[in-house]
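K.L.:
Before anything else, here's the structure in question.
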Amino acid sequence: MLVALASAKGAPGATTTARVLASIWPSECVLVDADPAGGDTALLSRTPAHEPLDPERGLLSLAVAARRGAEQAPLGPHLQMTEGGLGVLAGVTRPEQVAGMGPAWATIGEILVEQPGAVVADLGRLAAGSPVTPIVTAADVLLFVVRPQVESYAHLRERLAWTDWLASNGGGPPTGVLIVADAKDRRAAPELESLLAHSGLTTPVIGTVAWDERAAAVVGGRLDRGIDRSLLVRSVRQLVEPIRSLASMRTSVRTGRA
């Protein structure tokens, strides 16, 4: 199953959510840094030997291999193992590196969706015309991560109108929204769902990611302590089944993945 996460504006916590989701997924899972603006995964992650990841081995090397076709470009050789045992596909470090990838994006989408187990892909800020659109169209589910702010909601509505158009034309997956908010906030999700419905959008708000600054710092590589029982991790664990349920609505029947 290919789970794509994106933001509509700014940095609402999509990268942190993607990293945690991939880490706690209940079956084999890999994390893909597909942010075309330049992701942070290679900078924040470390190998089991506490060495930095190789930025040249990942999305860039996969794009080169993808020119020979999906069957000639298995994902395995481009993954790097990180502390804790999570396989990671490191992203680009500079936006200009994306320019040379061109048609490879479509093949990369094919490769990711055929990967055994699950793939969680961080797409960064997503808008119509983004080079990662082929990954969106290949995904089993697309999740927008948003903060409960008026300006964030305005940009979210624009993106959802675009993804609704993609889905209605057979080129997009079912889409959901995750709100990053205080764990005690019980109003943000229903209020956003009501706002979207008022705008003629039926996209479900499938859950809340608890805003936990200290745990997020650990995920970002800035602190060294266990976070398994943190509000952040516990809230993301509760999202797995809703995400699977939403992905099951994908009209294309796909088998062999968890």
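K.L.:
If you check Asp35 against the conditions, is it closer than 21 Å to Pro173 by Cβ, among the charged types (D, E, K, R) and not in a helix (DSSP H, G or I)? Talk me through it step by step, then tell me what you get.
P.N.:
Working: closer than 21 Å to Pro173 by Cβ: yes; among the charged types (D, E, K, R): yes; not in a helix (DSSP H, G or I): yes.
Yes, satisfied.
K.L.:
While we're here: Can you tell me which residue in the stretch 114-137 is surrounded by the most Cβ atoms within 10 Å (Cβ to Cβ), limited to those that are in contact with a Ser or Thr (Cβ under 7 Å, 6 or more places away or on another chain) and of a type in the set (D, E, K, R)?
P.N.:
Asp122
K.L.:
Just to be sure I understand, how many residues within the stretch 19-47 are under 16 Å from Val92 (Cβ atoms) and within 10 Å of the chain's Cα centre (by Cα)?
P.N.:
Summing the residues that are under 16 Å from Val92 (Cβ atoms) and within 10 Å of the chain's Cα centre (by Cα) in the stretch 19-47 gives 5.
K.L.:
So, restricting to helices (runs of 4 or more DSSP H) that lie completely within the stretch 199-258, which ones have at least 3 residues that are under 17 Å from the mean Cα position of the chain (by Cα) and modelled with pLDDT of 90 or more? Before the answer, list the steps.
P.N.:
On the way: elements: 213-219, 231-237, 240-247.
Answer list for the stretch 199-258: 231-237, 240-247.
K.L.:
Okay, moving on. So, Arg186, is that one touching a helix residue (DSSP H, G or I) at 6+ places or on another chain (Cβ under 8 Å), over 13 Å from Ile24 (Cβ atoms) and among the charged types (D, E, K, R) or not?
P.N.:
On the way: touching a helix residue (DSSP H, G or I) at 6+ places or on another chain (Cβ under 8 Å): no; over 13 Å from Ile24 (Cβ atoms): yes; among the charged types (D, E, K, R): yes.
No, not satisfied.
K.L.:
Same structure again: Restricting to the stretch 40-80, count the residues that are farther than 29 Å from Gly221 by Cα, polar (S, T, N, Q) and part of a loop (DSSP other than H, G, I, E, B).
P.N.:
Qualifying residue count for the region: 0.
K.L.:
Keeping to the stretch 1-59, report how many residues are hydroxyl-bearing (Ser, Thr, Tyr) and touching a His at 6+ places or on another chain (Cβ under 7 Å). Full working, then the answer.
P.N.:
In the first step, residues of the stretch 1-59 are kept if they are hydroxyl-bearing (Ser, Thr, Tyr); the result is 7, 15-17, 23, 27, 41, 45, 47.
If we keep only those that are touching a His at 6+ places or on another chain (Cβ under 7 Å) too, we end up with none.
Residues in the stretch 1-59 being hydroxyl-bearing (Ser, Thr, Tyr) and touching a His at 6+ places or on another chain (Cβ under 7 Å): 0 in total.
K.L.:
Determine if the stretch 163-170 includes at least one residue that is under 30 Å from Arg229 (Cβ atoms) and not β-branched (Val, Ile, Thr).
P.N.:
no
K.L.:
Residue check: is Ala154 over 29 Å from Pro116 (Cα atoms), within 19 Å of the chain's Cα centre (by Cα) and at pLDDT below 95? I'd like the intermediate steps shown before the answer.
P.N.:
On the way: over 29 Å from Pro116 (Cα atoms): yes; within 19 Å of the chain's Cα centre (by Cα): no; at pLDDT below 95: yes.
No, not satisfied.
Table: residues versus (1) assigned to a helix (DSSP H, G or I); (2) under 25 Å from Asp212 (Cβ atoms); (3) hydroxyl-bearing (Ser, Thr, Tyr).
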| site | (1), (2), (3) |
| --- | --- |
| Thr137 | yes, no, yes |
| Phe144 | no, yes, no |
| Pro148 | no, yes, no |
| Glu151 | yes, yes, no |
| His155 | yes, yes, no |
| Thr163 | yes, no, yes |
| Leu166 | yes, no, no |
| Pro173 | no, no, no |
| Ala183 | no, yes, no |
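K.L.:
How many of the residues making up the stretch 53-76 are buried (at least 16 other Cβ atoms within 10 Å of the Cβ) and over 15 Å from the mean Cα position of the chain (by Cα)?
P.N.:
The number of residues fulfilling the criteria is 13.
K.L.:
Can Val177 be described as surrounded by 13 or more Cβ atoms within 10 Å (Cβ to Cβ), among the hydrophobic types (A, V, I, L, M, F, W, C) and touching a strand residue (DSSP E or B) at 6+ places or on another chain (Cβ under 7 Å)? Give the derivation first.
P.N.:
Details: surrounded by 13 or more Cβ atoms within 10 Å (Cβ to Cβ): yes; among the hydrophobic types (A, V, I, L, M, F, W, C): yes; touching a strand residue (DSSP E or B) at 6+ places or on another chain (Cβ under 7 Å): yes.
In short, yes.
K.L.:
Which residue, of Leu142, Leu192, Leu160, is over 15 Å from Met249 (Cα atoms), aliphatic (A, V, I, L, M) and under 18 Å from the mean Cα position of the chain (by Cα)? Steps first, please.
P.N.:
Numbers: Leu142 fails: over 15 Å from Met249 (Cα atoms); Leu192 fails: under 18 Å from the mean Cα position of the chain (by Cα).
Within the list Leu142, Leu192, Leu160, the selection yields Leu160.
K.L.:
Among the candidates Leu86, Leu123, Leu79, single out the residue that is under 16 Å from the mean Cα position of the chain (by Cα) and at pLDDT 95 or above. Before the answer, list the steps.
P.N.:
Values: Leu86 fails: at pLDDT 95 or above; Leu79 fails: under 16 Å from the mean Cα position of the chain (by Cα).
Going through Leu86, Leu123, Leu79 in turn, the sole match is Leu123.
K.L.:
Which one is surrounded by the fewest Cβ atoms within 10 Å (Cβ to Cβ), of the residues in the stretch 30-52 that are modelled with pLDDT of 90 or more and under 23 Å from Pro116 (Cβ atoms)?
P.N.:
Among those residues, the one meeting the criterion is Val30.
The values are calculated or read from the model by the stated rules, or taken from the named source; none is laboratory data. Since the model is a prediction, treat every value here as computed from it, not as a measurement. All Cβ positions, even for glycine, are placed from backbone atoms using ideal geometry, and neighbour counts span all protein chains on display.
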